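The values are calculated or read from the model by the stated rules, or taken from the named source; none is laboratory data. Keep in mind that this is a model prediction, so the values were computed, not measured. Because the Cβ atoms are built from the backbone with ideal geometry, glycine has one as well, and the counts that use them run over all protein chains shown. When the accessible area is computed, the model is the full protein with side chains, heavy atoms only, and any ligands, DNA or RNA have been set aside. Shrake-Rupley method; radii C 1.70, N 1.55, O 1.52, S 1.80 Å.
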Amino acid sequence: MIQATGIRKSYGSLEVLKGIDLHINKKEIVSIVGASGAGKSTLLHIIGTLDKADKGKLLIDGTDVNMLNDTELASFRNQKIGFVFQFHHLLPEFTAIENICIPAFIGGMGKKEATEKAMQLLDYLNLTERKDHKPSALSGGEQQRIAVARALINSPAVVLADEPSGNLDSKSAEELHKLFFRLRDEMGQTFVIVTHNPALADMSDRTITIKDGVVS
């Protein structure tokens, strides 16, 4: 699903990534761990095409992302990659179902189809009764599950999660972690997760440790 070779990234004179090689298989849940400042989030942003590597090759679902122009890359990102961040980033003025539908609308999906798919996800996540609630009326765990549904609306090839449970209480965090594995088992979803949570890392199929800009 993901093949990265020789990924390097510097910011000024600071070399953050010093030649990362990794592969992620389809239907795999991989955690990326390491100390703060090791380059975990930088790597995730490059895999997510939110940032570009200075050197190296990145294939996602068979596509060499370095060969795409900005317009093609934006479309590819919308269709192939789902994102879940530590802070849910739901738009406060929109309801839960409207937030879920936004990536689908950006990708050109019609309102009827997007709404039907969003309702299916809400039902799967046991949040149907919360569909018309705005984020301020949802608990932290509910907000993050809505963010997961938003990440899934376009049936992405991979979901990238950056500290997804870092802002949740222990019970909500455990429920979120179990959800990832249910999505993998029942929907065949692939996950790459940056985390400081040892319980989540231990649950993963595989853990990649980044230290001083390389895979250790």
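Residues in the stretch 1-32 that are open to solvent by less than 30 Å² (accessible area, probe 1.4 Å) and among the hydrophobic types (A, V, I, L, M, F, W, C): Ile2, Ala4, Ile7, Val16, Leu17, Ile20, Leu22, Ile24, Ile29, Val30, Ile32. Select from the stretch 131-150 the residues that are modelled with pLDDT of 90 or more and in contact with a Lys or Arg (Cβ under 9 Å, 6 or more places away or on another chain) and list them in ascending order. Hits for the stretch 131-150 are Ala137, Leu138, Ile146.
For the stretch 69-78, filtering for residues that are in contact (Cβ under 8 Å) with a residue 12 or more places away in the chain and surrounded by fewer than 19 Cβ atoms within 10 Å (Cβ to Cβ) leaves 4.
Checking each residue in the stretch 79-113 for being acidic (Asp, Glu) and either in contact (Cβ under 8 Å) with a residue 40 or more places away in the chain or more than 28 Å from Ile60 (Cα to Cα) (or both) picks out Glu93, Glu98.
Need pairs with beta-carbon distance below 6 Å; first residue on the phi < 0 side of the Ramachandran plot and in contact (Cβ under 8 Å) with a residue 40 or more places away in the chain and within the stretch 114-136, second crowded, with 16+ Cβ neighbours inside 10 Å and assigned to a loop (DSSP other than H, G, I, E, B); sequence gap 6+ or separate chains. Sorted first by the residue in the stretch 114-136, then by its partner, the pairs are Lys134/Thr95; Pro135/Leu90. Elements of the type strands (runs of 3 or more DSSP E) sitting completely within the stretch 1-90 and holding at least 2 residues that are in contact with a strand residue (DSSP E or B) (Cβ under 8 Å, 6 or more places away or on another chain), among the acidic types (Asp, Glu) and farther than 13 Å from Val194 by Cβ: these cover 14-24. If only residues of the stretch 79-101 that are hydrophobic (A, V, I, L, M, F, W, C) and open to solvent by 50 Å² or more (accessible area, probe 1.4 Å) are counted, the one that is nearest to Ser41 (Cα to Cα) is Phe85.
Pairs only if they're at least six apart or on different chains, beta carbon under 7 angstrom, first in the stretch 31-60 and within 14 Å of Gly213 (Cβ to Cβ) and among the charged types (D, E, K, R), second part of a strand (DSSP E or B) and open to solvent by 10 Å² or more (accessible area, probe 1.4 Å); list them, first residue then second. Close Cβ pairs (under 7 Å, with a partner that is part of a strand (DSSP E or B) and open to solvent by 10 Å² or more (accessible area, probe 1.4 Å)) amount to Asp54/Arg8; Asp54/Lys9; Asp54/Ser10; Lys55/Gly6; Lys55/Arg8.
How about the stretch 27-52: which of its residues are in contact with a Ser or Thr (Cβ under 9 Å, 6 or more places away or on another chain) and farther than 13 Å from Arg206 by Cβ? Matches in the stretch 27-52: Gly34, Ala38, Lys40, Asp51.
Residues in the stretch 34-55 that are open to solvent by less than 30 Å² (accessible area, probe 1.4 Å) and more than 16 Å from Asn66 (Cβ to Cβ): 6 in all.
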